[in-house]
Amino acid sequence: MRNIWLLNLSTFFFFLGISVVNPIISPFAITLRATPFIVGLVAGIASIVSLLSKPVGGLVGDRGYRFQAMIAGNLLGVLAGLLYVTSALVGSLWIFAFARAIHGFSMGLFFPSSLSTAVDLAPRGRVGETLGWRGMMFSLGNIIGPALGGYLSDILGFLGAFTFTIAFSLIGALLVVPVWRAAGGRMETGTVSGNEVGYSELLRVGFISASLSLFFFTFSYAGVVTYLPALYKVLGMPQRVFGFYMMVIGVASFVMRLIGGRSADRMGPIPVIRAGMLLVISGYVTLLFGELPPYSYLSAVLIGAGFGLSVPAMQLMALGDLPPRIRTMGSSVYTMFFDLGMLGGQIALGYVADLRGYAGIFPLLPFIAAASLIIVHAPLIVGGKGHED
């Protein structure tokens, strides 16, 4: 359990280093004279590079180098932080975009190994619970990071906020080192040669439906995290307003993560995902009736609670039945759909924002999330393993 919690803390600091920047990506890009479409494109660069680098992270992890991948991911976060600082000093949108690309590559290395290691180290029958605890570290980062980033950017400017990415990522790397040493530098997964990997085993109904559901889920979520802060910026609101909004999402998600993981262990993933997605859809509908605070915070509660319920259950549905020897690549492919969803939402909805304004994208979000809710039931329809029982 000590090793699990060291890795959980590393996950916390890794995501803290990312989330402290998230609420100020759009406002900072706007100060560099980016148009709405360019705002979405710059925000989406991290997803593009993360998507392309996920197979690399999967191959590295399945060869037994998961801990090295997690350390390298954090160290690349340090490099991204240095580039963020440089972009603020010289006022360069190009350097900022390159920093986003480096942060995307760091996610491509870190995320698959972090997720698959949590599954492998989980006690028998408690995979969902372990994923829930790991997810709570993710949520805790999203509680502290956005609020901290918003307040720091208001008080110290963008430069001051960017420096915290460096510190948090460095701590995340150091926390993996004791686990790496205890394991002797490698984590065996049963893979001896590339011919024995058997990646065709990823073509399972549960894995495919969970991945596609995640795509539409994150497509809709990208509309909130990218364009709600942009709307607040053009309305002249301080960054801390959206930072607090993300903190509310993080708190609600944090509270529900362990409930979602344990419930998925007990009753199967699909009922838990169903309940979570209905909460998310309710949050998007609520946002239509109150985009500005304090009314918007009700939508944040619903979205965060639904997020917390759904994500551990989706992870269990996708990865729980995979053989350990391909689980890191499975984690890579699964999380690639997260990147595709974020990228699709940031760019496609950016085009909508160019035509209809930032507020014009929010009526689309409930319908996009509804597609996710429908797809996750595919295993029940085609007779695959839905873990309903």
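The table that follows gives values for the structure above.
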item: Residue list for the stretch 359-385, filter: surrounded by 19 or more Cβ atoms within 10 Å (Cβ to Cβ) and under 14 Å from SER220 (Cα atoms); result: ILE361, PHE362, LEU365, ILE368, ALA369, SER372, LEU373
item: Restricting the stretch 78-101 to residues that are touching a residue at least 40 places away in the same chain (Cβ under 8 Å) and over 19 Å from PRO27 (Cβ atoms), the residue that is most open to solvent (accessible area, probe 1.4 Å); result: LEU82
item: Out of PRO36, PRO23, sole residue that is under 24 Å from VAL90 (Cα atoms) and open to solvent by less than 30 Å² (accessible area, probe 1.4 Å); result: PRO23
item: Residues of the stretch 19-37 satisfying the condition of being closer than 16 Å to GLY104 by Cα and hydrophobic (A, V, I, L, M, F, W, C); result: VAL20, VAL21, ILE25
item: Tally of residues being open to solvent by 10 Å² or more (accessible area, probe 1.4 Å) and touching a Pro at 6+ places or on another chain (Cβ under 6 Å) across the stretch 217-240; result: 2
item: Complete set of residues in the stretch 246-263 that are open to solvent by less than 10 Å² (accessible area, probe 1.4 Å) and either of a type in the set (Asp, Glu) or more than 13 Å from SER19 (Cα to Cα) (or both); result: SER253, ARG257, GLY260, GLY261
item: Hits in the stretch 3-18 - residues which are of a type in the set (Val, Ile, Thr) and either under 18 Å from LEU109 (Cβ atoms) or under 15 Å from the mean Cα position of the chain (by Cα) (or both); result: THR11, ILE18
item: Boolean, TYR65 is modelled with pLDDT under 90, among the hydroxyl-bearing types (Ser, Thr, Tyr) and assigned by the TED database to the domain that holds ASN3; result: yes
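For (1) at pLDDT below 85; (2) under 30 Å from MET317 (Cα atoms); (3) in a loop (DSSP other than H, G, I, E, B), each residue gets a yes or a no:
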| position | (1), (2), (3) |
| --- | --- |
| GLY145 | yes, yes, no |
| GLY185 | yes, yes, yes |
| GLY206 | no, yes, no |
| SER209 | no, yes, no |
| SER220 | no, yes, no |
| VAL224 | no, yes, no |
| ALA230 | no, no, no |
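The values are calculated or read from the model by the stated rules, or taken from the named source; none is laboratory data. As the structure is a prediction and not an experimental result, all values here were calculated from the model. Cβ atoms come from the backbone with ideal geometry, glycine included; neighbour counts cover every protein chain shown. In case anyone asks, the SASA skips ligands and DNA or RNA and just uses the protein heavy atoms, side chains included. Shrake-Rupley method; radii C 1.70, N 1.55, O 1.52, S 1.80 Å.
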